[in-house]
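One structure is given below, encoded as structure tokens.
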Amino acid sequence: MRTLLTGSAGFIGFHVAKALLDRGDEVIGYDSFNRYYDPALKESRNAILEERPNFRLVRADIGDRDALEAAFDALVQGADGGEIRVCHLAAQAGVRHSIAHPDAFVRDNVQGFTHVLELCRDREVGGLIYASSSSVYGNSARERLSETDSTSAQCSLYGATKKMNELMASVYNHLYGLRVTGLRFFTVYGPWGRPDMALFLFTGALLRGEAIRVFGHGRMHRDFTYIDDIAAGVVSAIDRNHELLVCNLAAGRTEELMAFIRQIESSCGREAEKEFLPMQPGDVVRTAADLTTARESLGYEPTTTIDVGIPRFVDWYREYYGL
Ligand SMILES: NC(=O)c1ccc[n+]([C@@H]2O[C@H](COP(=O)([O-])OP(=O)(O)OC[C@H]3O[C@@H](n4cnc5c(N)ncnc54)[C@H](O)[C@@H]3O)[C@@H](O)[C@H]2O)c1
């Protein structure tokens, strides 16, 4: 199998690339190394991928149509009759960032996604697997969020662009028969994670002896999902290549933010000074996923809980930053 993987230097893309490379697949990574967060972290992830003979990188923006076309050509030409897939994870992420930078979200997540869809259609790619988000559910009052629940109201422009991606993908399936799978990721965490997310911010502050800022007064709940479970789900989606699917990928357990923080404190071996603040605009109170579709369609079975996953992250963080 040969996969064009956008966002390969990102948190989830890096882990998916590693999983594909480990089993001998060929991966063409594609990433702009944008400056949303420290590009040095992206370079470090990419350097690990570039050690592998079955990986090559295209360093470009999905908005650069010529560069993207060349990458699709390389994908198709090198396939030698084998199967090809596109796994599209590049996006402008960050619910809070979308409040201040709406243009970046429309450019990368809507216009950029259109480029990917158009080239999948034009080059007759066998299947497109793309990142959606739990943000499409908005502030749903449902106990467990299921793919059949309404997604007609999002709380952030980020969530709205992800919902738009699902609609656009279903149109390309309808019009052109492109096989499309959208994966609604729920708060992903783990080694090589994203510096704008809670675990990274809290761990860094704790280890530096600084106070942590706890939004929503700590009363938010999240279905925190360990990265290896997510990567296994993405690889399964690439393999199973459903005709038209939208699917939650989560841990299937919901933790209160304060329980998450207590686990970080115990992993760091110290208690945090906490500054309790109201919820930030765009955030939702609670996420909890129903995994029935993921189990049935992808054979997905998450295994890592926060008491295992958080210490692994803290170990990685200490090693990476030499603390
Ligand atoms: N991490 C989570 O908890 C989470 C939750 C829900 C959905 N998602 C989605 O999963 C995907 C991957 O997220 P992540 O956490 O790995 O984020 P990330 O920011 O670490 O990775 C995204 C990568 O895409 C690249 N990129 C962004 N815009 C680009 C462009 N226009 N052209 C080329 N490359 C570009 C970035 O440089 C980055 O390396 C995203 O689509 C995100 O919206 C993530």
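The values are calculated or read from the model by the stated rules, or taken from the named source; none is laboratory data. As the structure is a prediction and not an experimental result, all values here were calculated from the model. Note that we place each Cβ from the backbone using ideal geometry, even for glycine, and neighbour counts take in every protein chain shown. To get the accessible areas, we keep the full protein, side chains included, count just its heavy atoms, and leave off ligands, DNA and RNA. Shrake-Rupley method; radii C 1.70, N 1.55, O 1.52, S 1.80 Å.
Restricting to the stretch 7-20, and then to whatever is over 20 Å from Phe72 (Cβ atoms) and of a type in the set (A, V, I, L, M), can you tell me which residue is nearest to the ligand (Cβ to nearest atom)?
Out of the qualifying residues, it is Ile12.
Which one is modelled with the lowest pLDDT, of the residues in the stretch 253-266 that are in contact with an Asp or Glu (Cβ under 7 Å, 6 or more places away or on another chain) and not charged (D, E, K, R)?
Thr254
Of Ala79, Ala70, which residue is farther than 24 Å from Thr293 by Cα, of a type outside the set (Lys, Arg) and assigned to a loop (DSSP other than H, G, I, E, B)?
Ala79
Taking the stretch 113-139 only, how many residues are open to solvent by less than 70 Å² (accessible area, probe 1.4 Å) and either in contact with an Asp or Glu (Cβ under 8 Å, 6 or more places away or on another chain) or of a type in the set (Lys, Arg) (or both)?
Summing the residues that are open to solvent by less than 70 Å² (accessible area, probe 1.4 Å) and either in contact with an Asp or Glu (Cβ under 8 Å, 6 or more places away or on another chain) or of a type in the set (Lys, Arg) (or both) in the stretch 113-139 gives 7.
Counting just the residues of the stretch 140-164 that are within 16 Å of the ligand (Cβ to nearest atom) and not in a helix (DSSP H, G or I), which one comes out surrounded by the fewest Cβ atoms within 10 Å (Cβ to Cβ)?
Here the answer is Cys155.
Say we look at the stretch 266-292 and pick out the residues that are within 21 Å of Thr304 (Cα to Cα) and open to solvent by less than 20 Å² (accessible area, probe 1.4 Å); which of these is farthest from the chain's Cα centre (by Cα)?
Cys268
If you check Ala79 against the conditions, is it more than 15 Å from the ligand (Cβ to nearest atom) and closer than 23 Å to Asn34 by Cα?
no
Would you pick out the residues in the stretch 94-109 that are at pLDDT 95 or above and within 11 Å of the ligand (Cβ to nearest atom)?
The answer is Ala104, Phe105, Arg107, Asp108, Asn109.
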